[in-house]
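This report concerns only the one structure given below.
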Amino acid sequence: MDKETIVSSRPDREIRKIVVAQGDYTLVPYEDSRCKIVLTNVNCKNDSGKCTIEEESKIFGNNFDGNVLIGDSDFFIDKDFELILQQMCCGEKCEATLVYRNSKGELVKEISCNIHLQEVTEEQLISDWSWQRLFEAATHHKQKGIQLVKEKRFTEAFRRFNKALKMIIAIEPVDPAVIDEATVKEITDSKIKLYNNLAYLQLQYHEYDAVLQLCDRVLKLDQLNVKALYRRSLAYSGLKMYEEAWVDVQNGLKLDPNDKAFQQQANTLKPILEQRNENYTNVIKKMFN
Amino acid sequence: MTDSDEDNLNFDDLQNITKQIERYKNDPDTSGMFVSGWDDADQDVTVVDDPKANPIDYILWAAENGNVQILNEILSKRPDLVHACDSDGYTPLHRAAYGNHILAIASLLKAGANINLKTELGWTPLHSACNWNNYEAVARLLAAGADSYAVSDGEQTPLHLAAAVSHSKSTLLILLLREDSTEIANKCNNSGETPIQLARGHGIYAPIFEMVLPAVSYIRSIAFTCNSYMKEV
(Lines give C-alpha, C1' and ligand atoms only; values in the text may rest on other atoms or scores of the structure.)
Protein backbone atom coordinates (compact mmCIF):
# COMPACT_ATOMS: atom_id res chain seq x y z
CA MET A 1 0.00 0.00 0.00
CA ASP A 2 2.78 2.44 -0.81
CA LYS A 3 1.53 3.60 -4.20
CA GLU A 4 0.81 7.30 -4.53
CA THR A 5 -2.59 8.08 -6.05
CA ILE A 6 -4.00 11.30 -7.48
CA VAL A 7 -6.93 12.64 -5.51
CA SER A 8 -7.62 15.51 -7.89
CA SER A 9 -5.64 17.13 -10.65
CA ARG A 10 -5.85 20.49 -12.40
CA PRO A 11 -3.03 22.35 -14.15
CA ASP A 12 -2.99 24.87 -11.29
CA ARG A 13 -3.12 22.42 -8.42
CA GLU A 14 -2.63 18.76 -7.69
CA ILE A 15 -3.63 16.68 -4.69
CA ARG A 16 -2.04 13.29 -4.03
CA LYS A 17 -2.06 10.73 -1.26
CA ILE A 18 -0.30 7.56 -0.16
CA VAL A 19 -2.17 5.12 2.06
CA VAL A 20 -0.07 4.24 5.11
CA ALA A 21 -2.66 2.15 6.96
CA GLN A 22 -5.93 0.83 5.54
CA GLY A 23 -9.22 1.69 7.17
CA ASP A 24 -12.73 0.27 7.17
CA TYR A 25 -13.79 0.31 3.53
CA THR A 26 -17.47 0.15 4.41
CA LEU A 27 -17.52 3.61 6.05
CA VAL A 28 -16.61 6.70 4.02
CA PRO A 29 -17.41 10.40 4.46
CA TYR A 30 -20.17 11.86 2.28
CA GLU A 31 -21.66 15.39 2.18
CA ASP A 32 -22.51 16.52 5.75
CA SER A 33 -20.41 13.78 7.44
CA ARG A 34 -18.63 14.85 10.59
CA CYS A 35 -15.03 13.71 10.55
CA LYS A 36 -12.66 13.52 13.49
CA ILE A 37 -9.08 13.67 12.27
CA VAL A 38 -5.53 13.85 13.58
CA LEU A 39 -3.19 15.99 11.55
CA THR A 40 0.59 15.58 11.96
CA ASN A 41 3.88 16.42 10.21
CA VAL A 42 2.49 19.46 8.45
CA ASN A 43 5.05 20.97 6.10
CA CYS A 44 4.70 23.88 3.75
CA LYS A 45 7.39 24.91 1.30
CA ASN A 46 8.16 26.33 -2.12
CA ASP A 47 11.33 26.87 -4.17
CA SER A 48 12.63 29.46 -1.73
CA GLY A 49 12.20 27.23 1.31
CA LYS A 50 9.69 26.97 4.10
CA CYS A 51 6.55 29.10 3.97
CA THR A 52 3.36 29.51 5.96
CA ILE A 53 -0.27 28.59 5.35
CA GLU A 54 -2.72 31.51 5.38
CA GLU A 55 -4.52 32.12 8.65
CA GLU A 56 -7.89 31.88 6.86
CA SER A 57 -7.32 28.12 6.85
CA LYS A 58 -9.20 26.61 9.76
CA ILE A 59 -7.85 23.11 9.27
CA PHE A 60 -4.18 24.16 9.24
CA GLY A 61 -4.76 26.89 11.86
CA ASN A 62 -3.63 26.81 15.49
CA ASN A 63 -7.15 26.52 16.86
CA PHE A 64 -8.14 23.48 14.80
CA ASP A 65 -9.97 21.00 17.03
CA GLY A 66 -9.79 18.01 14.68
CA ASN A 67 -13.40 18.24 13.46
CA VAL A 68 -14.25 18.69 9.80
CA LEU A 69 -17.82 18.86 8.52
CA ILE A 70 -17.74 17.76 4.87
CA GLY A 71 -19.08 20.47 2.56
CA ASP A 72 -18.82 23.29 5.07
CA SER A 73 -15.33 24.72 4.53
CA ASP A 74 -14.75 28.04 2.80
CA PHE A 75 -11.03 28.69 2.39
CA PHE A 76 -9.85 26.99 -0.80
CA ILE A 77 -7.10 24.95 0.82
CA ASP A 78 -9.57 23.62 3.37
CA LYS A 79 -11.99 22.71 0.58
CA ASP A 80 -9.20 20.84 -1.19
CA PHE A 81 -8.36 19.12 2.07
CA GLU A 82 -11.98 17.94 2.22
CA LEU A 83 -11.45 16.28 -1.16
CA ILE A 84 -8.73 14.14 0.42
CA LEU A 85 -11.03 13.15 3.30
CA GLN A 86 -13.72 12.26 0.76
CA GLN A 87 -11.31 9.75 -0.72
CA MET A 88 -10.39 8.15 2.60
CA CYS A 89 -12.25 5.60 4.69
CA CYS A 90 -12.79 5.49 8.43
CA GLY A 91 -9.63 4.56 10.31
CA GLU A 92 -7.33 5.13 7.33
CA LYS A 93 -3.96 6.84 7.70
CA CYS A 94 -2.36 8.55 4.74
CA GLU A 95 0.37 10.94 3.67
CA ALA A 96 -1.13 13.75 1.62
CA THR A 97 0.37 16.42 -0.63
CA LEU A 98 -1.27 19.55 -2.04
CA VAL A 99 0.63 21.49 -4.72
CA TYR A 100 -0.46 24.98 -5.83
CA ARG A 101 0.68 27.07 -8.78
CA ASN A 102 -0.15 30.63 -9.81
CA SER A 103 -1.34 31.92 -13.18
CA LYS A 104 2.24 31.90 -14.50
CA GLY A 105 2.61 28.23 -13.58
CA GLU A 106 5.08 28.99 -10.80
CA LEU A 107 5.03 26.84 -7.67
CA VAL A 108 3.46 28.86 -4.84
CA LYS A 109 3.02 26.28 -2.15
CA GLU A 110 3.50 22.59 -1.53
CA ILE A 111 1.78 21.37 1.60
CA SER A 112 2.37 17.88 2.94
CA CYS A 113 0.88 16.26 6.02
CA ASN A 114 -0.15 13.00 7.63
CA ILE A 115 -3.86 12.45 8.12
CA HIS A 116 -5.52 9.91 10.36
CA LEU A 117 -9.27 9.76 9.78
CA GLN A 118 -10.39 8.53 13.19
CA GLU A 119 -14.15 8.87 13.11
CA VAL A 120 -16.78 9.42 10.42
CA THR A 121 -20.51 9.78 10.87
CA GLU A 122 -22.54 7.77 8.40
CA GLU A 123 -24.67 10.06 6.23
CA GLN A 124 -27.35 9.49 3.63
CA LEU A 125 -26.25 10.11 0.08
CA ILE A 126 -27.52 13.42 -1.26
CA SER A 127 -29.73 11.54 -3.76
CA ASP A 128 -31.66 10.18 -0.78
CA TRP A 129 -32.12 13.51 1.01
CA SER A 130 -35.70 14.66 1.45
CA TRP A 131 -36.70 17.95 -0.16
CA GLN A 132 -36.84 19.46 3.33
CA ARG A 133 -33.22 18.55 4.01
CA LEU A 134 -32.15 19.86 0.62
CA PHE A 135 -33.98 23.13 1.18
CA GLU A 136 -32.54 23.48 4.68
CA ALA A 137 -29.02 22.86 3.39
CA ALA A 138 -29.54 25.32 0.52
CA THR A 139 -30.66 27.98 2.99
CA HIS A 140 -27.62 27.31 5.17
CA HIS A 141 -25.17 27.67 2.27
CA LYS A 142 -26.96 30.80 1.05
CA GLN A 143 -26.63 32.45 4.49
CA LYS A 144 -22.94 31.54 4.65
CA GLY A 145 -22.50 33.04 1.21
CA ILE A 146 -24.16 36.30 2.21
CA GLN A 147 -21.80 36.56 5.19
CA LEU A 148 -18.80 35.98 2.89
CA VAL A 149 -19.98 38.72 0.51
CA LYS A 150 -20.01 41.11 3.48
CA GLU A 151 -16.41 40.11 4.17
CA LYS A 152 -15.60 40.67 0.47
CA ARG A 153 -14.53 37.01 0.09
CA PHE A 154 -16.16 36.90 -3.32
CA THR A 155 -14.98 33.62 -4.87
CA GLU A 156 -15.73 31.77 -1.63
CA ALA A 157 -19.19 33.32 -1.53
CA PHE A 158 -19.66 32.25 -5.15
CA ARG A 159 -18.91 28.63 -4.27
CA ARG A 160 -21.47 28.73 -1.42
CA PHE A 161 -24.17 30.17 -3.69
CA ASN A 162 -23.30 27.61 -6.34
CA LYS A 163 -23.79 24.78 -3.86
CA ALA A 164 -27.03 26.27 -2.56
CA LEU A 165 -28.35 26.53 -6.12
CA LYS A 166 -27.43 22.91 -6.83
CA MET A 167 -29.43 21.82 -3.80
CA ILE A 168 -32.44 23.85 -4.91
CA ILE A 169 -32.26 22.34 -8.39
CA ALA A 170 -32.01 18.89 -6.79
CA ILE A 171 -35.50 19.44 -5.31
CA GLU A 172 -36.91 19.98 -8.81
CA PRO A 173 -39.12 19.02 -10.50
CA VAL A 174 -41.23 20.35 -7.62
CA ASP A 175 -44.27 18.15 -7.07
CA PRO A 176 -47.27 20.29 -6.00
CA ALA A 177 -48.86 17.19 -4.49
CA VAL A 178 -45.98 16.93 -2.03
CA ILE A 179 -44.90 20.52 -1.41
CA ASP A 180 -47.50 23.14 -0.50
CA GLU A 181 -47.96 26.27 -2.56
CA ALA A 182 -46.40 28.69 -0.08
CA THR A 183 -43.23 26.59 0.17
CA VAL A 184 -43.00 26.24 -3.60
CA LYS A 185 -42.98 30.02 -3.76
CA GLU A 186 -40.29 30.15 -1.06
CA ILE A 187 -38.16 27.73 -3.08
CA THR A 188 -38.57 29.80 -6.26
CA ASP A 189 -37.73 32.99 -4.33
CA SER A 190 -34.58 31.33 -3.05
CA LYS A 191 -33.60 30.36 -6.56
CA ILE A 192 -34.15 33.92 -7.79
CA LYS A 193 -32.03 35.34 -4.98
CA LEU A 194 -29.24 32.87 -5.68
CA TYR A 195 -29.14 33.77 -9.38
CA ASN A 196 -29.13 37.45 -8.42
CA ASN A 197 -26.28 36.91 -5.93
CA LEU A 198 -24.25 34.95 -8.46
CA ALA A 199 -24.82 37.77 -10.96
CA TYR A 200 -23.64 40.32 -8.40
CA LEU A 201 -20.40 38.37 -7.92
CA GLN A 202 -19.80 37.89 -11.67
CA LEU A 203 -20.26 41.63 -12.02
CA GLN A 204 -17.47 42.26 -9.49
CA TYR A 205 -15.12 40.56 -11.96
CA HIS A 206 -16.65 42.24 -15.06
CA GLU A 207 -17.86 38.90 -16.42
CA TYR A 208 -20.70 40.52 -18.36
CA ASP A 209 -21.77 37.53 -20.48
CA ALA A 210 -22.26 35.48 -17.33
CA VAL A 211 -24.21 38.34 -15.73
CA LEU A 212 -26.55 38.46 -18.75
CA GLN A 213 -27.23 34.73 -18.56
CA LEU A 214 -27.94 34.85 -14.83
CA CYS A 215 -30.21 37.91 -15.03
CA ASP A 216 -32.10 36.34 -17.94
CA ARG A 217 -32.82 33.33 -15.71
CA VAL A 218 -34.17 35.60 -12.97
CA LEU A 219 -36.32 37.62 -15.36
CA LYS A 220 -37.78 34.43 -16.78
CA LEU A 221 -39.05 33.63 -13.28
CA ASP A 222 -39.86 37.20 -12.27
CA GLN A 223 -40.24 39.72 -15.10
CA LEU A 224 -40.23 42.73 -12.79
CA ASN A 225 -37.18 41.86 -10.72
CA VAL A 226 -35.49 45.20 -10.13
CA LYS A 227 -32.07 43.87 -9.18
CA ALA A 228 -31.88 41.68 -12.27
CA LEU A 229 -32.97 44.55 -14.55
CA TYR A 230 -30.36 46.83 -12.99
CA ARG A 231 -27.49 44.34 -13.19
CA ARG A 232 -28.43 43.36 -16.72
CA SER A 233 -28.33 47.02 -17.76
CA LEU A 234 -24.84 47.30 -16.24
CA ALA A 235 -23.75 44.16 -18.08
CA TYR A 236 -25.16 45.47 -21.38
CA SER A 237 -23.28 48.73 -20.81
CA GLY A 238 -20.12 46.77 -20.11
CA LEU A 239 -20.61 44.98 -23.44
CA LYS A 240 -21.25 48.37 -25.14
CA MET A 241 -24.82 47.28 -25.96
CA TYR A 242 -26.20 50.67 -24.90
CA GLU A 243 -29.65 50.44 -26.51
CA GLU A 244 -30.36 47.20 -24.65
CA ALA A 245 -29.05 48.74 -21.45
CA TRP A 246 -31.35 51.73 -21.99
CA VAL A 247 -34.44 49.49 -22.32
CA ASP A 248 -33.70 47.83 -18.97
CA VAL A 249 -33.16 51.20 -17.32
CA GLN A 250 -36.45 52.53 -18.66
CA ASN A 251 -38.29 49.44 -17.44
CA GLY A 252 -36.63 49.85 -14.05
CA LEU A 253 -37.68 53.49 -13.82
CA LYS A 254 -41.23 52.52 -14.74
CA LEU A 255 -41.27 50.28 -11.64
CA ASP A 256 -39.81 52.99 -9.42
CA PRO A 257 -39.21 56.45 -10.94
CA ASN A 258 -37.28 57.52 -7.82
CA ASP A 259 -34.77 54.67 -7.84
CA LYS A 260 -31.38 56.35 -7.47
CA ALA A 261 -29.36 53.59 -9.08
CA PHE A 262 -31.51 53.56 -12.22
CA GLN A 263 -31.48 57.35 -12.41
CA GLN A 264 -27.71 57.36 -12.22
CA GLN A 265 -27.46 54.65 -14.87
CA ALA A 266 -29.83 56.68 -17.08
CA ASN A 267 -27.61 59.73 -16.64
CA THR A 268 -24.56 57.75 -17.66
CA LEU A 269 -26.25 56.24 -20.70
CA LYS A 270 -27.99 59.37 -22.02
CA PRO A 271 -24.90 61.24 -23.34
CA ILE A 272 -23.50 58.04 -24.84
CA LEU A 273 -26.74 57.35 -26.74
CA GLU A 274 -27.08 61.00 -27.81
CA GLN A 275 -23.53 60.96 -29.11
CA ARG A 276 -24.30 57.78 -30.99
CA ASN A 277 -27.43 59.28 -32.51
CA GLU A 278 -25.52 62.36 -33.53
CA ASN A 279 -22.83 60.28 -35.19
CA TYR A 280 -25.47 58.22 -36.91
CA THR A 281 -27.27 61.32 -38.17
CA ASN A 282 -23.99 62.71 -39.50
CA VAL A 283 -23.29 59.51 -41.38
CA ILE A 284 -26.76 59.61 -42.94
CA LYS A 285 -26.29 63.28 -43.87
CA LYS A 286 -22.98 62.53 -45.53
CA MET A 287 -24.56 59.71 -47.49
CA PHE A 288 -27.18 62.01 -48.96
CA ASN A 289 -25.04 65.10 -49.49
CA MET B 1 -65.62 3.21 -47.43
CA THR B 2 -65.24 0.21 -45.18
CA ASP B 3 -61.52 0.23 -45.79
CA SER B 4 -61.05 3.83 -44.84
CA ASP B 5 -63.18 3.39 -41.71
CA GLU B 6 -60.89 0.65 -40.63
CA ASP B 7 -57.91 2.82 -41.36
CA ASN B 8 -59.28 5.56 -39.16
CA LEU B 9 -59.88 3.11 -36.38
CA ASN B 10 -56.32 1.84 -36.54
CA PHE B 11 -54.99 5.33 -36.70
CA ASP B 12 -56.87 6.30 -33.54
CA ASP B 13 -55.52 3.25 -31.77
CA LEU B 14 -52.01 4.11 -32.80
CA GLN B 15 -52.42 7.65 -31.56
CA ASN B 16 -53.64 6.34 -28.22
CA ILE B 17 -50.73 3.98 -27.96
CA THR B 18 -48.27 6.73 -28.81
CA LYS B 19 -49.82 8.96 -26.17
CA GLN B 20 -49.63 6.17 -23.63
CA ILE B 21 -45.98 5.52 -24.44
CA GLU B 22 -45.24 9.22 -24.00
CA ARG B 23 -47.00 9.15 -20.66
CA TYR B 24 -44.97 6.18 -19.45
CA LYS B 25 -41.77 7.76 -20.71
CA ASN B 26 -42.40 10.93 -18.76
CA ASP B 27 -43.33 9.16 -15.56
CA PRO B 28 -40.18 8.49 -13.52
CA ASP B 29 -41.64 5.23 -12.23
CA THR B 30 -42.03 3.69 -15.65
CA SER B 31 -39.52 5.54 -17.81
CA GLY B 32 -36.89 2.87 -17.10
CA MET B 33 -38.81 0.53 -19.45
CA PHE B 34 -37.56 2.52 -22.39
CA VAL B 35 -33.83 2.31 -21.84
CA SER B 36 -32.27 1.83 -25.23
CA GLY B 37 -30.32 -1.35 -25.57
CA TRP B 38 -28.01 -0.53 -28.46
CA ASP B 39 -25.06 0.57 -26.37
CA ASP B 40 -25.29 -2.04 -23.65
CA ALA B 41 -21.82 -3.41 -23.19
CA ASP B 42 -23.21 -5.51 -20.36
CA GLN B 43 -25.39 -7.43 -22.78
CA ASP B 44 -24.46 -10.80 -24.24
CA VAL B 45 -22.43 -11.74 -21.19
CA THR B 46 -21.74 -15.45 -21.54
CA VAL B 47 -24.01 -17.46 -19.30
CA VAL B 48 -22.04 -19.75 -17.04
CA ASP B 49 -23.83 -22.92 -15.99
CA ASP B 50 -21.78 -23.79 -12.96
CA PRO B 51 -19.77 -20.84 -11.62
CA LYS B 52 -18.02 -23.02 -9.03
CA ALA B 53 -16.31 -25.09 -11.72
CA ASN B 54 -13.76 -22.37 -12.41
CA PRO B 55 -12.31 -19.98 -9.77
CA ILE B 56 -12.46 -16.99 -12.13
CA ASP B 57 -16.13 -17.61 -12.92
CA TYR B 58 -16.74 -18.17 -9.23
CA ILE B 59 -15.33 -14.86 -8.03
CA LEU B 60 -17.08 -12.97 -10.84
CA TRP B 61 -20.32 -14.69 -9.90
CA ALA B 62 -19.89 -13.89 -6.19
CA ALA B 63 -19.15 -10.24 -6.99
CA GLU B 64 -22.08 -9.83 -9.35
CA ASN B 65 -24.48 -11.41 -6.88
CA GLY B 66 -23.13 -9.58 -3.86
CA ASN B 67 -22.27 -12.76 -2.00
CA VAL B 68 -19.69 -11.17 0.29
CA GLN B 69 -19.07 -14.28 2.35
CA ILE B 70 -18.05 -16.38 -0.64
CA LEU B 71 -16.19 -13.43 -2.12
CA ASN B 72 -14.09 -13.04 1.03
CA GLU B 73 -13.46 -16.80 1.19
CA ILE B 74 -12.15 -16.84 -2.37
CA LEU B 75 -10.03 -13.72 -1.79
CA SER B 76 -8.46 -15.13 1.38
CA LYS B 77 -7.38 -18.29 -0.49
CA ARG B 78 -6.55 -16.68 -3.80
CA PRO B 79 -5.84 -12.93 -3.33
CA ASP B 80 -4.67 -12.72 -6.96
CA LEU B 81 -8.23 -13.36 -8.15
CA VAL B 82 -9.14 -9.77 -7.28
CA HIS B 83 -7.57 -9.04 -10.70
CA ALA B 84 -9.50 -11.80 -12.52
CA CYS B 85 -11.52 -10.90 -15.57
CA ASP B 86 -13.88 -12.47 -18.09
CA SER B 87 -13.32 -12.57 -21.86
CA ASP B 88 -14.72 -9.03 -22.19
CA GLY B 89 -12.38 -7.65 -19.57
CA TYR B 90 -14.92 -7.35 -16.75
CA THR B 91 -13.29 -7.65 -13.32
CA PRO B 92 -15.04 -8.59 -10.07
CA LEU B 93 -15.22 -4.85 -9.28
CA HIS B 94 -17.05 -4.20 -12.58
CA ARG B 95 -19.50 -6.97 -11.74
CA ALA B 96 -20.06 -5.68 -8.19
CA ALA B 97 -20.63 -2.16 -9.57
CA TYR B 98 -23.10 -3.56 -12.11
CA GLY B 99 -24.95 -5.33 -9.29
CA ASN B 100 -24.78 -2.27 -6.98
CA HIS B 101 -23.30 -4.36 -4.15
CA ILE B 102 -21.63 -1.87 -1.82
CA LEU B 103 -20.20 -4.43 0.61
CA ALA B 104 -18.77 -6.49 -2.23
CA ILE B 105 -17.15 -3.32 -3.58
CA ALA B 106 -15.66 -2.63 -0.12
CA SER B 107 -14.24 -6.17 0.07
CA LEU B 108 -12.69 -5.90 -3.37
CA LEU B 109 -11.15 -2.48 -2.64
CA LYS B 110 -9.70 -3.80 0.60
CA ALA B 111 -8.20 -6.66 -1.39
CA GLY B 112 -6.49 -4.17 -3.69
CA ALA B 113 -8.82 -4.07 -6.69
CA ASN B 114 -7.75 -1.60 -9.38
CA ILE B 115 -10.44 1.06 -9.37
CA ASN B 116 -9.83 2.33 -12.91
CA LEU B 117 -9.28 -0.92 -14.83
CA LYS B 118 -11.02 -0.92 -18.21
CA THR B 119 -12.98 -3.62 -20.05
CA GLU B 120 -12.40 -4.45 -23.72
CA LEU B 121 -14.77 -1.59 -24.56
CA GLY B 122 -12.97 0.76 -22.22
CA TRP B 123 -15.49 0.75 -19.40
CA THR B 124 -14.30 1.37 -15.84
CA PRO B 125 -16.36 0.06 -12.90
CA LEU B 126 -17.70 3.63 -12.58
CA HIS B 127 -19.07 3.39 -16.13
CA SER B 128 -20.90 0.17 -15.19
CA ALA B 129 -22.41 1.72 -12.07
CA CYS B 130 -23.48 4.88 -13.91
CA ASN B 131 -25.10 3.02 -16.79
CA TRP B 132 -27.48 1.30 -14.38
CA ASN B 133 -28.14 4.27 -12.06
CA ASN B 134 -26.48 2.34 -9.22
CA TYR B 135 -25.86 5.54 -7.35
CA GLU B 136 -24.70 3.96 -4.10
CA ALA B 137 -22.00 2.16 -6.05
CA VAL B 138 -21.22 5.38 -7.95
CA ALA B 139 -20.66 7.27 -4.70
CA ARG B 140 -18.62 4.43 -3.22
CA LEU B 141 -16.37 4.15 -6.29
CA LEU B 142 -15.79 7.91 -6.42
CA ALA B 143 -14.88 7.85 -2.73
CA ALA B 144 -12.27 5.24 -3.61
CA GLY B 145 -10.73 7.53 -6.22
CA ALA B 146 -12.52 6.40 -9.39
CA ASP B 147 -11.64 8.69 -12.30
CA SER B 148 -14.69 10.72 -13.26
CA TYR B 149 -12.93 11.80 -16.48
CA ALA B 150 -12.26 8.20 -17.64
CA VAL B 151 -13.39 7.64 -21.23
CA SER B 152 -14.52 4.43 -22.91
CA ASP B 153 -13.74 3.47 -26.52
CA GLY B 154 -16.51 5.80 -27.70
CA GLU B 155 -14.93 8.64 -25.68
CA GLN B 156 -17.83 8.36 -23.27
CA THR B 157 -17.34 9.53 -19.69
CA PRO B 158 -19.41 7.97 -16.91
CA LEU B 159 -21.53 11.16 -17.00
CA HIS B 160 -22.31 10.52 -20.70
CA LEU B 161 -23.75 7.14 -19.76
CA ALA B 162 -25.79 8.49 -16.85
CA ALA B 163 -27.10 11.33 -19.02
CA ALA B 164 -28.21 8.95 -21.78
CA VAL B 165 -30.41 6.72 -19.63
CA SER B 166 -33.85 7.94 -18.76
CA HIS B 167 -33.96 6.92 -15.15
CA SER B 168 -30.86 8.32 -13.55
CA LYS B 169 -31.59 11.33 -11.35
CA SER B 170 -29.86 9.83 -8.30
CA THR B 171 -26.64 9.16 -10.19
CA LEU B 172 -26.75 12.55 -11.90
CA LEU B 173 -27.05 14.28 -8.51
CA ILE B 174 -23.95 12.49 -7.21
CA LEU B 175 -21.94 13.37 -10.32
CA LEU B 176 -23.17 16.93 -10.82
CA LEU B 177 -22.64 18.00 -7.22
CA ARG B 178 -18.88 17.63 -7.80
CA GLU B 179 -16.96 20.67 -8.94
CA ASP B 180 -15.34 18.81 -11.84
CA SER B 181 -18.77 18.19 -13.40
CA THR B 182 -18.99 21.46 -15.35
CA GLU B 183 -15.99 20.52 -17.44
CA ILE B 184 -17.11 16.91 -17.94
CA ALA B 185 -20.68 17.94 -18.84
CA ASN B 186 -19.25 19.77 -21.85
CA LYS B 187 -16.90 17.03 -23.06
CA CYS B 188 -17.73 15.46 -26.42
CA ASN B 189 -17.86 11.72 -27.05
CA ASN B 190 -16.70 10.45 -30.43
CA SER B 191 -20.11 11.22 -31.92
CA GLY B 192 -19.60 14.84 -30.90
CA GLU B 193 -22.22 14.70 -28.16
CA THR B 194 -21.82 16.18 -24.69
CA PRO B 195 -23.61 14.79 -21.62
CA ILE B 196 -25.82 17.91 -21.63
CA GLN B 197 -26.92 17.19 -25.21
CA LEU B 198 -27.51 13.51 -24.42
CA ALA B 199 -29.66 14.42 -21.44
CA ARG B 200 -31.78 16.71 -23.61
CA GLY B 201 -32.28 13.92 -26.12
CA HIS B 202 -32.85 10.94 -23.85
CA GLY B 203 -33.68 11.59 -20.27
CA ILE B 204 -36.45 13.50 -18.58
CA TYR B 205 -33.96 15.09 -16.20
CA ALA B 206 -32.23 17.51 -18.57
CA PRO B 207 -33.15 20.51 -16.35
CA ILE B 208 -30.77 19.15 -13.70
CA PHE B 209 -27.91 20.19 -15.96
CA GLU B 210 -28.71 23.77 -15.03
CA MET B 211 -26.39 22.96 -12.11
CA VAL B 212 -23.37 22.98 -14.39
CA LEU B 213 -23.96 26.09 -16.49
CA PRO B 214 -20.62 27.88 -16.60
CA ALA B 215 -22.22 31.12 -15.34
CA VAL B 216 -23.30 29.43 -12.10
CA SER B 217 -20.23 27.21 -11.75
CA TYR B 218 -17.24 29.54 -11.85
CA ILE B 219 -15.94 33.07 -12.25
CA ARG B 220 -13.61 33.12 -15.30
CA SER B 221 -12.46 29.52 -14.73
CA ILE B 222 -12.59 26.79 -12.12
CA ALA B 223 -8.92 27.46 -11.38
CA PHE B 224 -9.54 31.20 -10.90
CA THR B 225 -12.48 30.48 -8.59
CA CYS B 226 -10.92 27.63 -6.61
CA ASN B 227 -7.28 28.69 -6.25
CA SER B 228 -6.61 32.16 -4.82
CA TYR B 229 -3.04 32.15 -6.17
CA MET B 230 -4.47 32.31 -9.70
CA LYS B 231 -5.73 35.81 -8.91
CA GLU B 232 -2.21 37.06 -8.18
CA VAL B 233 -0.52 38.61 -11.18
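The values are calculated or read from the model by the stated rules, or taken from the named source; none is laboratory data. Everything quoted here is computed from the prediction, not taken from an experiment. Note that each Cβ is placed from the backbone with ideal geometry, even for glycine, and that neighbours are counted across all protein chains shown.
Each row is one residue, and each column tells you yes or no for (1) over 30 Å from A:Gln124 (Cβ atoms); (2) touching a Pro at 6+ places or on another chain (Cβ under 9 Å); (3) within 11 Å of chain B (Cβ to nearest Cβ); (4) part of a helix (DSSP H, G or I).
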{"residue": "A:Thr26", "(1), (2), (3), (4)": "no, no, yes, no"}
{"residue": "A:Glu31", "(1), (2), (3), (4)": "no, no, yes, no"}
{"residue": "A:Lys36", "(1), (2), (3), (4)": "no, no, no, no"}
{"residue": "A:Leu39", "(1), (2), (3), (4)": "no, no, no, no"}
{"residue": "A:Lys45", "(1), (2), (3), (4)": "yes, no, no, no"}
{"residue": "A:Phe64", "(1), (2), (3), (4)": "no, no, no, no"}
{"residue": "A:Ser73", "(1), (2), (3), (4)": "no, no, no, no"}
{"residue": "A:Ile77", "(1), (2), (3), (4)": "no, no, yes, yes"}
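Here are some residues: A:Ile126, A:Ile53, A:Ile37, A:Ile115. Which one is more than 17 Å from B:Ala143 (Cβ to Cβ) and either in contact with a strand residue (DSSP E or B) (Cβ under 9 Å, 6 or more places away or on another chain) or in contact (Cβ under 8 Å) with a residue 60 or more places away in the chain (or both)? Before you say what the answer is, go through the steps one by one.
Numbers: A:Ile126 fails: more than 17 Å from B:Ala143 (Cβ to Cβ); A:Ile37 fails: more than 17 Å from B:Ala143 (Cβ to Cβ); A:Ile115 fails: more than 17 Å from B:Ala143 (Cβ to Cβ).
Result: A:Ile53 is the single residue among A:Ile126, A:Ile53, A:Ile37, A:Ile115 that is more than 17 Å from B:Ala143 (Cβ to Cβ) and either in contact with a strand residue (DSSP E or B) (Cβ under 9 Å, 6 or more places away or on another chain) or in contact (Cβ under 8 Å) with a residue 60 or more places away in the chain (or both).
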For A:Ile84, all conditions in the list (1) assigned by TED's automatic domain parsing to the domain that holds A:Gln22; (2) exposed (fewer than 15 other Cβ atoms within 10 Å of the Cβ) hold save one; what is the number of the exception? (2)
Considering only residues of the stretch A:7-36 that are within 24 Å of the chain's Cα centre (by Cα) and among the hydrophobic types (A, V, I, L, M, F, W, C), which is farthest from B:Tyr229 (Cα to Cα)? A:Cys35
Of residues in the stretch B:174-200 being within 14 Å of chain A (Cβ to nearest Cβ) and among the small types (Gly, Ala, Ser), the one nearest to B:Arg140 (Cα to Cα): B:Ser181
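Is it the case that B:Leu126 is in a helix (DSSP H, G or I) and either over 27 Å from B:Ser87 (Cβ atoms) or more than 14 Å from every other protein chain (Cβ to nearest Cβ) (or both)?
Values: in a helix (DSSP H, G or I): yes; either over 27 Å from B:Ser87 (Cβ atoms) or more than 14 Å from every other protein chain (Cβ to nearest Cβ) (or both): no.
So B:Leu126 fails the test.
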Tally up the residues in the stretch A:115-147 that are more than 13 Å from every other protein chain (Cβ to nearest Cβ), part of a helix (DSSP H, G or I) and surrounded by 17 or more Cβ atoms within 10 Å (Cβ to Cβ), please. 3
Give me the residue from the stretch B:148-173 that is within 25 Å of A:Glu14 (Cα to Cα), within 14 Å of chain A (Cβ to nearest Cβ) and touching a Leu at 6+ places or on another chain (Cβ under 7 Å) and, out of that set, surrounded by the most Cβ atoms within 10 Å (Cβ to Cβ). B:Ser148
Residues A:Arg217, A:Arg232: which one is more than 12 Å from chain B (Cβ to nearest Cβ), closer than 30 Å to A:Lys163 by Cα and crowded, with 19+ Cβ neighbours inside 10 Å? A:Arg232
